[in-house]
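Please read the structure below before turning to the comments.
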Amino acid sequence: MKHILSALVLITLMVSCKSKGQEVEKQEVVKEEIAYASFGDKINDENVMTTKQMAEKYKSMSVGDTINTKISATVIEVCQAKGCWMTLNLENGEEAMVKFKDYGFFMPKDIAGKEVVLNGKAFVNEVPVDEQRHYAEDAGKTKEEIAAIIEPKKTYSFEADGVLIKQ
C-alpha cells in the first residue's frame with residue numbers, strides 16, 4: 001500500500017512539473033513607428049481624438065468654453081507670411097483655426113494636405129471682421145474676397161503647445 005501511495009505521489013509530481021515546464025507561446029505586438037517632425041513642446045501620438053470626435057466636441061461647446069485635448073487632423077492651409085497659424089479639416093466641411101502658444105513656434109508653409117497631431121486647448125471663439133480680414137490677407141486672398149468679410153464669425157479654434165507633422 002505504501003508503495004502504491006508513493007507511486008501515485010511521484011506520478012502526480014512528474015505530471016505537474018511537466019505541465020509547468022511547458023512554455024506558453026508569446027505573441028509580440030509590434031507598433032509601427034511613424035516618423036514625425038516635432039514643433040513646440042515635446043508630445044507623442046498616443047490618446048489622440050479623431051476629427052469626427054473633435055467636431056462633435058466643438059458642436060457641444062459655447063463661445064468661451066475650453067478643453068485640453070490632443071487631436072489628429074489634416075492641414076488645409078498655413079499662413080504664407082511666416083507659418084504663424086494654420087487651419088485643420090474637421091468633419092462635414094468644418095474647420096478649426098490653430099495658433100501656437102505664446103507665438104513660440106511656427107509651421108512650415110508647405111504642409112497643406114499633411115497629417116498633424118496637436119496638443120493644446122480647443123475652444124470656440126468669435127472672430128471680429130478686422131481679424132478675419134488679416135487672416136485672409138495672410139492667406140493670399142484677393143481684395144474682393146477680403147472686402148466680402150463684413151460680420152464677426154463663430155469659429156472653432158485651437159491653441160497648440162506642441163505639433164507633430166507626419167513625414
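Please treat every number below as a calculation from the coordinates, not as lab data. Everything quoted here is computed from the prediction, not taken from an experiment. As a convention, Cβ positions derive from the backbone with ideal geometry for all residues, glycine included, and neighbour counts pool all protein chains shown.
Couple of notes before you dig in:
- At most 12 other Cβ within 10 Å, DSSP loop - trypsin sites (Lys or Arg not before Pro), region 60-167: Lys82
- Two-decimal log10 I(q)/I(0) for region 57-99, as the Debye equation yields it once each C-alpha is a single scatterer, q = 0.14, 0.27, 0.28 Å⁻¹: -0.38, -1.10, -1.13
- Anisotropy class of region 85-156 from Cα gyration tensor, a/c 1.5 cut: prolate
- Values of log10 I(q)/I(0), in the order q = 0.19 Å⁻¹, for region 36-166 under a Debye, Cα-only, solvent-free model: -1.10
- Cross-link table Lys82/Lys154; Lys52/Lys99; Lys52/Lys153; Lys57/Lys143; Lys114/Lys154, entries beyond 29 Å C-alpha to C-alpha: Lys57/Lys143
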